[in-house]
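Have a look at the structure below before the remarks.
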Amino acid sequence: GIDVTSLEKDAGLLTFDPGYANTGSCQSGITFVDGEKGILRYRGIPIEQLAEKSSFIETAMLLIFGKLPTAEERTAFRTLLSEHELLHEGLLHHFDGFPPGGQPMAILSAVINSLGNYHPELLEIQNMDTFTKAVAKLVSKVRTIAAFSYRKSLGLPFMYPDPNLSYCRNFLHMMFSMPNRDFEPTPQAVSALSLFLVVHADHEQNCSCSTVRMVGSTQANLFASVSSGICALWGRLHGGANAAVIEMLEQILSGRHRVKSYLDMVKRKERRLMGFGHRVYKNFDPRARVLKKAAHELVMQSGGNDPLMDIARELEETALSDDYFKSRKLYPNVDFYSGIILRALGIPVNMFPVMFAIGRMPGWIAHWREENRDPTTRIHRPRQIYIGPPRRPYVPLDQR
Ligand code: ACO
């Protein structure tokens with residue numbers, strides 16, 4: 001029933017590239033990925049070096065402002081983050097609009113979008129000064145909103161941020177302190193959180209970043225654009241994968257499936273091996289290597305006992321020696337071990353994608369800014385191959 005004649009006429013010369021696997025949507029100077037060699041660099045610096053030596057805030061500055069900050073610049077930015085960490089009291093009422101147990105990702109994207117209403121002077125980025133203010137608000141408040149959405153989901157009182165604490169420690173304080181008891185995380189837990197955020201901070205034109213750029217290409221404001229990134233991140237094939245990995249490992253732990261029978265189901269295409277496979281990495285994902293080591297260290301430091309870590313290792317080893325996975329070049333991706341780290345930090349599974357969103361915020365901002373400043377930016381508007389009915393007349397209601 002396809003009207004091929006009109007299809008051919010209308011289509012002109014189009015490339016048909018489902019999932020945009022071979023389409024370069026922009027030029028970018030932010031992040032370099034070589035999927036064959038397993039290379040990831042932010043602004044030229046290898047992820048392994050940043051993971052070992054940098055903090056999340058320094059990495060965020062590198063991505064957003066294009067270079068590593070001097071000590072003075074870093075201190076000034078930290079001060080700015082503290083100044084902007086509180087939420088407008090009016091914004092706090094938004095949390096009351098969500099039902100008990102509401103999804104933290106829904107709360108996060110809605111409140112981030114609403115944030116722009118409370119700072120109308122930042123809806124148009126006029127210069128570096130307004131941009132830096134908008135950056136400070138987003139990077140700082142995403143953490144406050146994330147922690148508040150968790151507290152709200154449990155019916156607990158909000159813990160306000162403490163300007164004397166570092167970025168990561170402050171987040172753990174807002175998550176886990178009680179009015180009469182301060183939460184004291186170990187230094188290893190704070191470093192593991194920073195590392196988690198560093199390796200999630202950007203990954204070039206992934207789905208959520210492309211969404212931010214798509215929305216930003218209409219000249220939508222920064223708050224609306226990154227809020228759309230949060231929605232794109234939510235799905236199980238993207239930022240929701242870290243929670244899906246834990247679900248899968250728990251099913252195996254509970255005895256519902258064994259490792260081998262689980263992999264057999266995957267091979268029968270009844271389900272996917274979550275935390276495995278990547279559009280770009282076809283050898284290994286360097287972020288997975290970094291996180292596997294960190295997960296192992298954190299589990300050892302906190303008593304050496306997470307049965308899910310053992311299952312993850314067994315699953316990885318068995319899959320990597322199986323032709324099905326080898327022939328399709330399927331390897332653990334960033335999500336395979338990240339959930340083990342988040343569990344060790346006491347973060348509940350429904351907050352996993354939210355943690356990813358906190359980490360990815362600098363990347364989204366950097367891409368929005370790059371696109372916004374690029375005079376060659378055009379509104380993103382892909383074409384399609386029409387396969388619907390050919391021309392036909394409208395049939396009045398009494399004749400249908
Ligand atoms: N488990 C089992 N088989 C898989 C998996 C997987 N995780 N990933 C890909 N495959 C298979 C496909 O079935 C397909 O096999 P076929 O050729 O026999 O049909 C082949 O590998 C190619 O798969 P595609 O779906 O075409 O690969 P694509 O690049 O579109 O998808 C994706 C990439 C979405 C990451 C995929 O590998 C996947 O679903 N992984 C599981 C979810 C996940 O971990 N997502 C996180 C990704 S990283 C991130 O977002 C941070």
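The values are calculated or read from the model by the stated rules, or taken from the named source; none is laboratory data. The structure displayed is predicted, hence computed values, not measured ones. FYI the Cβ positions are ideal-geometry reconstructions off the backbone, even for glycines, and counts take in every protein chain you see.
Below is a table of values for the structure above.
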quantity	calculated
Residues within segment 208-236 that are within 16 Å of the ligand (Cβ to nearest atom) and assigned to a loop (DSSP other than H, G, I, E, B), tallied	3
Residue identified as touching a Ser or Thr at 6+ places or on another chain (Cβ under 9 Å) and of a type in the set (D, E, K, R) among LYS282, LYS260, LYS292	LYS260
Residue check for LEU86: touching a strand residue (DSSP E or B) at 6+ places or on another chain (Cβ under 9 Å), part of a loop (DSSP other than H, G, I, E, B), surrounded by fewer than 20 Cβ atoms within 10 Å (Cβ to Cβ) and at pLDDT 95 or above	no
Residue list for segment 177-207, restricted to those being closer than 17 Å to LEU62 by Cα and away from the ligand (no atom under 16 Å from the Cβ)	SER194
Checking GLY239 against (1) part of a helix (DSSP H, G or I); (2) within 10 Å of the ligand (Cβ to nearest atom); (3) crowded, with 24+ Cβ neighbours inside 10 Å, the condition it does not meet	(1)
Selection count where residues are in a loop (DSSP other than H, G, I, E, B) and either more than 10 Å from the ligand (Cβ to nearest atom) or of a type outside the set (Phe, Trp, Tyr) (or both), scope segment 256-310	24
Test result for PHE158, touching a residue at least 24 places away in the same chain (Cβ under 8 Å), in a helix (DSSP H, G or I), over 21 Å from ALA232 (Cα atoms) and of a type outside the set (Ser, Thr, Tyr)	no
Selected residue (only one of LEU298, LEU315 is within 18 Å of LEU273 (Cβ to Cβ) and surrounded by 20 or more Cβ atoms within 10 Å (Cβ to Cβ))	LEU315
Single condition TYR262 does not satisfy, out of (1) touching a residue at least 40 places away in the same chain (Cβ under 8 Å); (2) surrounded by fewer than 20 Cβ atoms within 10 Å (Cβ to Cβ)	(2)
Those residues of segment 248-290 which are among the basic types (Lys, Arg), over 19 Å from the mean Cα position of the chain (by Cα) and closer than 28 Å to ARG41 by Cβ, in sequence order	LYS282
Residues that are charged (D, E, K, R) and either touching a helix residue (DSSP H, G or I) at 6+ places or on another chain (Cβ under 9 Å) or at pLDDT 95 or above (or both), drawn from segment 161-183	ASP162, ARG169, ASP182
Subset of segment 311-354 (residues that are in a loop (DSSP other than H, G, I, E, B), in contact with a helix residue (DSSP H, G or I) (Cβ under 8 Å, 6 or more places away or on another chain) and of a type in the set (Ser, Thr, Tyr))	TYR331
Output for segment 175-190, where each listed residue is in contact with a Leu (Cβ under 9 Å, 6 or more places away or on another chain) and farther than 20 Å from LEU298 by Cβ	MET178
Residue, surrounded by the fewest Cβ atoms within 10 Å (Cβ to Cβ), within segment 22-41, restricted to residues that are in contact with a His (Cβ under 8 Å, 6 or more places away or on another chain) and either polar (S, T, N, Q) or not in a loop (DSSP other than H, G, I, E, B) (or both)	SER25
Residue pairs meeting the criteria (Cβ under 6 Å; at least 6 apart or on separate chains; first within 14 Å of the ligand (Cβ to nearest atom), in segment 321-350; second among the acidic types (Asp, Glu) and in a helix (DSSP H, G or I))	PRO332/GLU316
Hey, TYR20 more than 19 Å from the chain's Cα centre (by Cα) and hydroxyl-bearing (Ser, Thr, Tyr) or not	yes
